[in-house]
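Just below is one structure, and these are the notes that go with it.
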Amino acid sequence: MSSWLDYTINGLIVGNVYALVAVGLALIFGVSRLINFAQGSIYLVGAYIGWVAVVQLHTPLPLTIILVAVVAALVGLIIERFGLRPLQNSVRIAPLLATIGISFVLDQLVMLTFSPNPRALPSQLPDVRFQIGGGTIGPLDLLIAGVGITSALLLFVFLRYTKLGWAVRAASQDRDAAMQMGVDVNRVNQTVFGIAAALGGVSGLLVGMYYNQIDTAMSLQATLKGVVAEVVGGAGNVPGAVVGSLLLGLVESYGIAVFGTSYRNLFAFLLLVVVLVLRPNGLFASARQAPPEPLTGTFIAPSRPVRIPRWAFAVAVALFAILPLLPVSFYVLQTLINAWLLGMLALSLTLVAGTIGQVSLGHAALLAIGAYTSALLSLTLNLPVGLAIIAGGLMSAALGTILISPSFRLRGHYVSIATLAIGEIVSLVILNWESVTRGPIGISGIPPLSLFGYDLVDPKAVYWFSFVVMVVLALLQVRLLGSHLGRSFRAIRDDDIAARAYGLSLNRYKSLAFIFGGFAAGVSGGIAAHLYSYINHETFNTQQSILALTVVILGGLGNVVGALLGAVALVGLPEVFRIAAEYRILIYGIVLLLLVRFRPQGLLGTI
Amino acid sequence: MGEAYASLLSLRGLTRRFGGLTAVDGIDLDLAKGGLVSIIGPNGAGKTTLFNLVTGLDRPDAGTVSFEGRDVTGLSPERLAAQGIARTFQLGRVFGNLSVMDNVLIGAHTRLRAVKPAVPVIGPLLELGLALLRPSAVRAEEERLREEVKAILARFGERLLPRIDQPAYSLSYANRRRVEIARALALKPRLLLLDEPTAGMNPSETAEMQGLVAELKAEGLTILLIEHKLEMVMRLSDRVIVMDEGKKIAEGPGEQVRGDPKVIEAYLGHGLSGTAEQESAA
Amino acid sequence: MSNINRRTLVKGSLAAAIAGTTISRAAFADADPILLGVSGPLTGPNAQYGTQWKQGFDLALDEITAAGGINGRKLAYTFEDSQSDPRQSVAIAQKFVSDPRIMMELGDFSSPASMAASPIYQRGGLVQFGFTNSHPDFTKGGDFMWSTSVSQADEQPLLAAYAVKKLGLKKLAVLHLNTDWGRTSRDYFNNAAKDYGAEIVVTEGYIAEERDFRSTLVRVRDANPDGLVLISYYSDGALIARQARQVGLKQVICAASSVYSPKFLELGGDAVEDVHVGTRYFPEDPRPEVQKFIAGFKKKYNGLEPDAFNAYSYDAMNMAAAVIRIGGTDRKAIRDAFAKVKDVPSVIFGTATFDVATRRVKGAMNAELVVRNGHFTVWDGKPT
């Protein structure tokens, strides 16, 4: 039984670590209703500034903390001033994407400056251990807990009892009203970003010392766990974020206790989905509080889509169709095959994120479902590859829709977080369900693409196959958008309350959108499986989901031609920039930022 | 058709609380078929909350809603729309990126038959299939509805017809309100709830809207109206209900209600903002 | 006057530059180098390994060039960043296959990225030399797939022998990275350890991003093992060792060769003291190829100690050179040359010769090290 005490203590210790990030996220969400995906990057910056201070400047701990806090706060202020403030009057999805772009840029800058090798960040505290239960805790545990709880308390006092704190709260409740009452919202935002960034930086420093290890991959993990903890505690609720973090730590620890280590994150993300479904405003929100998202949808940019004449489209299709007959290298063809596969995924995502407004951050899960279904059916049942791919599409449509259905009742950013979690869950189930998916070993020897008994191994044949499939899916989607379903989907996206009042069932139409979109994504995953011959749980990862979302935004939400154009651009440009290998992600992040800033409706406009 | 029910819509003891505040407090209301009842009252009196309760966007804590003699309390807005209840919204909720035509076609959604076969379980999949295949019955239905939409838009003269393909976000405020009403009419409602249809309109536009509502009433449509402009209320209403702080404080023919001391007090007592807004809106 | 001076200066340096090129031309009659394609991660989550590859490649190339290149021609590589992403590795594969200058491909880093590209290399008739791909199915992709990655079927029994026979551990807790490599390794290790008479009391797989192992270690503690076995990379290995010591686990820790890196010592600090590591080479190893490698590496990289991944890439480049010396500049002949090369000096294998049936190299060297006073040293046979 004493083990349970140990699991509990360990859970609390880890929760403690999560709380440092979650508090900063909660503060920012409280004021700007924004989930700051760059918080983990500030945490990364803090860790590396700390490394410079400790290892190169040999500063004592208090000075290290102050230095890190100041530099991180400056980074936060820069992000607020140049990254987010210009987007104030933009659509609500813009700042979210901007923070993703900022995190790319920051992570990559750190990587370029310090190299990707992990570094040791020695603790500056004496190494004494106190026995508790079967384990021990050290001074850093206490310091982290101290910083977490003190900052939560200080924030609470600041928000409650100071004038600026009052302004912050006023701005978080009703931005326009606060402005009318003379609150300087920009100053409030600056304050909040400064505080949150200082906190984020210091937490990176402390956690780095805690593990005596910092590396550039720590950013995304910190953001993910912080977001889970924050949403569990109730987005925007600072004390809630602390409690949510501790709860997350406990659930993970008990998960390990019962099922083993490889189930840890599965429990973390399941906790998130369960909380979002049962109590979308977090565990500590009053039951029937008004939802924190505004009721009327300005989530996407109003725009007039660029009209592309039919003949231009036909000419483009014809050109791409005859391309393999021209003297182009297989490399170009292979790159375009990648573009067509991404294009299918983008068609799927532009339908669910653009047309019906469910901005999914876990779309790669649909690829994985299609790929595994198709691979396993063709390997174990010897199903012809063509049929297996279709089966993969159908499975992805069915299973994907069922899995994502808990997020149907959510709105705005919550949908993105829920889908992110569902995507992670799918990947973790693939990792752990070894009897079916072969776990981390993956599936090898997947038969190549074939049609009516002929193997398609020549790059030209694969090119035509994937191109034709993509064009057919695109035409079907255009036809769908032209039907009553197209306008129904778009109505739900624009204003789901009004849509319901006119008889549109959200579950029914969101399901239909995911069924159609899931099929396209599943087919893309199925083709990829047969093309690669080997897949495992890492083949379809979160980066794919984010890439697909960028494609969709680039092309214009809901815009079929835009999705295909975006896919060609985002597969092609990194290939063009191959010479600048190390700078590619940096360029990608900057492009995303510029796009969000200057053309939030995408190249071809929202439909 | 034998109509067993006394009134088309009937509310009994309808109550909705938010925290410590009772937004709607034991409201009784009866609306006969073909009638027009107006609800007036200062801002925050609970009028829009009452609409939300009737249309299913919110659930009452107590009390019942009956429509055509059936208890429909707590039904989802989708089901209520399918039963013929249409509404407009106080702040105007058109679908910004949809064209005027598409906005109004959404209003006709509950009347789709060919493309939405009433088959259990696989109905949604059939709907998806029919939307993609579009057999002639589906095309004909869509064509018929488009013609209907044009006819409805024609009721607004030249206000909307020339802008039929423009996205709703590009319309003027008044035109967006008109689109909302057109959308409600496309549902062929048996009960129409209008939430401040003339808010933000100038006097001539208001007069135009008043004419339209009168026409609809004359056509036999049953209407529940929230309106601040008393003159319009007096002209159109069979009966007026006055709400204050969630309670019904007066009910009766317009002239009678207007002279009720409780009503005057409610408006003068704390309803200054209400009257002020009424002036500014007018 | 100053003008004239400057002009002469410029002329002088130009002349020098021209002279320089002619000199190098003299050394390498054929100006175009023999080109190898490398597909690996320079950005993304595995970026650090691509950086380590480069260090090993560059050192090997310096030595090859100094020794006169390959039949008078220079050997060079072009590194394409795949981010270890199968989508990019397949495009790179097509690029390499259709570039006639590329004689052979090295990489990719991860199995999904490598094995996705295998069909293209196989059909394109270009050798894919996946020198870190330990996935048992990698070389089954075709006769153009070759690997010098130490087969886990070879390595893990050595580690098991170290832990069970030498250190006398009877009840083992196995912690492994839950990747294709970690899973395969775990299975080989567990089987071998059982054969040697040990009991596996608990196995725990963890994902690469994991940093906190406290709760895992409670499970380990409750299973009451007398030794911990880490099938880890150096960063996660160091984390586990630290946390094990922090929570008061005092058992013997034994780790796979992949933790062999100065970073393991740096990140682990005092906690990795007395950790046993089965490796393929060690600094005091008297073998000349090892001494040459370590001395050369330290000289080129300012005293930096090489690690396992540096050694893999160094060996791989030397192997590539040896193969091309036999096969020349014909892709098919290069593939056939893999079966012909014999006893290529290697840090990892001593001398490397391919087993034609598996297209892998057998007989990795084995050294039993232990961390003492913050250094890897040869285990002296004393229990810890």
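Numbers below:
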quantity	calculated
For chain C, built as a Gaussian network whose Cα springs stay under 10 Å, the top-fluctuating residue of C:Phe264, C:Phe213, C:Phe129	C:Phe213
Charge dipole (debye, nearest 20) of the range A:328-598; +1 at Cβ of Lys and Arg, -1 at Cβ of Asp and Glu	700 debye
On Cα atoms only, tilt of C:214-223 relative to the major axis of chain C in degrees	50 degrees
Candidate lysines for bridging to A:Lys460, where Cα separation is under 18 Å - those fewer than 8 sequence places away on the same chain excluded	C:Lys95
Cubic angstrom per residue, convex hull over Cα atoms of the range B:69-224	133 Å³
Pairs of Cα atoms farther than 30 Å apart, chain C, %	42 percent
Projected area averaged over orientations for the range B:49-152, convex hull of C-alpha atoms, nm²	8.6 nm²
Descending semi-axes in Å of chain A, equivalent ellipsoid built from Cα gyration tensor	41, 28, 24
Folded to 0 to 90 degrees: helix A:264-278 orientation relative to chain A principal axis, Cα	90 degrees
Stokes-Einstein translational diffusion, the range A:2-278 - Kirkwood Rh over all Cα pairs, 1.567 mPa s, 4 °C, in µm²/s	68 µm²/s
Likely footprinting exposure, A:Leu109, B:Leu236, fewest C-beta neighbours within 10 Å first	A:Leu109, B:Leu236
Spherically averaged projected area in nm², based on the convex hull that wraps the Cα atoms of chain B	16.3 nm²
Cα-based convex hull volume of the protein assembly as shown per residue, rounded to whole Å³	217 Å³
Chain C: antiparallel DSSP beta bridges as a percent of all, rounded to 5	30 percent
Under 29 Å from C:Lys170, Cα to Cα: lysines that are on another chain or at least 8 residues apart	C:Lys194, C:Lys250, C:Lys362, C:Lys382
DSSP-defined beta bridges in the protein assembly as shown - what % are antiparallel, rounded to 5	45 percent
For the range A:449-491, alpha-carbon Rg over 2.2 N^0.38 Å	1.67
22 Å tail of the calculated P(r), the range C:80-211, as % of Cα pairs	46 percent
Given charges at beta-carbon only (K, R positive; D, E negative), |dipole| of the range C:157-307 in Debye	220 debye
Over 31 Å [Cα-Cα, the range A:328-598], rounded percent	23 percent
Kirkwood-based shape ratio for the range B:95-170, expressed as Rg/Rh from alpha carbons	1.05
Set B:Lys188/B:Lys229; B:Lys217/B:Lys248; C:Lys171/C:Lys292; C:Lys165/C:Lys299; B:Lys150/B:Lys229; B:Lys150/B:Lys217 screened for pairs whose C-alpha atoms are more than 32 Å apart	C:Lys171/C:Lys292; C:Lys165/C:Lys299
Rg and Dmax of the range B:21-78, Cα atoms only, in Å	11.7, 34
Difference of contour (0.36 nm per residue) and Cα-Cα distance, A:Ala177 to A:Thr113	18.6 nm
Cβ-based charge dipole, the range B:95-170, positive-most Cα from B:Ala168, B:Met101, B:Pro120	B:Pro120
Mean-position separation - Cα centroids, the range B:194-232 and the range B:72-98, in angstrom	18 Å
Hydrodynamic radius of the range C:275-341 per Kirkwood, over alpha carbon pairs, in Å	13.6 Å
Unit charges at the beta carbon, dipole of chain C: most positive-side option, C:Gly168, C:Leu369, C:Gly296	C:Gly296
Simple Cβ-charge dipole of the range C:240-320, Lys/Arg +1 and Asp/Glu -1, about Cα centre, in debye nearest 20	120 debye
Size-normalised alpha-carbon gyration radius of the range A:501-607, reference 2.2 N^0.38 Å	1.26
Note, ³J(HN,Hα) from phi for the range A:71-87, Karplus 6.51, -1.76, 1.60, rounded to Hz, x at Gly and Pro	4, 4, 4, 4, 4, x, 5, 5, 4, 5, 5, 9, x, 10, 4, x, 9
Reachable lysines from C:Lys298, criterion Cα separation under 18 angstrom, eight or more residues apart if same chain	C:Lys54, C:Lys263
For chain C, with +1 on Lys and Arg beta carbons and -1 on Asp and Glu, the positive-most of C:Gln52, C:Thr139, C:Ala320 along the dipole	C:Ala320
Centroid-to-centroid separation of the range A:193-213 and the range C:321-384 [C-alpha atoms, Å]	43 Å
The range C:72-144: mean projected area of Cα convex hull, nm²	4.8 nm²
Debye intensity ratio I(q)/I(0), log10, the range C:204-254, q values 0.17, 0.20, 0.23, 0.24 Å⁻¹ (C-alpha model)	-0.44, -0.62, -0.84, -0.92
Span from the the range C:44-105 Cα centroid across to the the range A:107-168 one, whole angstrom	42 Å
Chain B - percent relative contact order, Cα under 8 Å, separation 6 or more	27 percent
Between 0 and 90°, nearest 10: helix A:364-380 axis offset from chain A longest Cα axis	50 degrees
Ratio Rg/Rh, restricted to the range B:154-232 and using Cα atoms, in which Rh is the Kirkwood radius	0.94
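Bear in mind these aren't lab numbers, they're just calculated from the coordinates by the rules spelled out. Everything quoted here is computed from the prediction, not taken from an experiment. In this analysis, Cβ positions are derived from the backbone assuming ideal geometry, glycine residues included, and neighbour counts consider all displayed protein chains.
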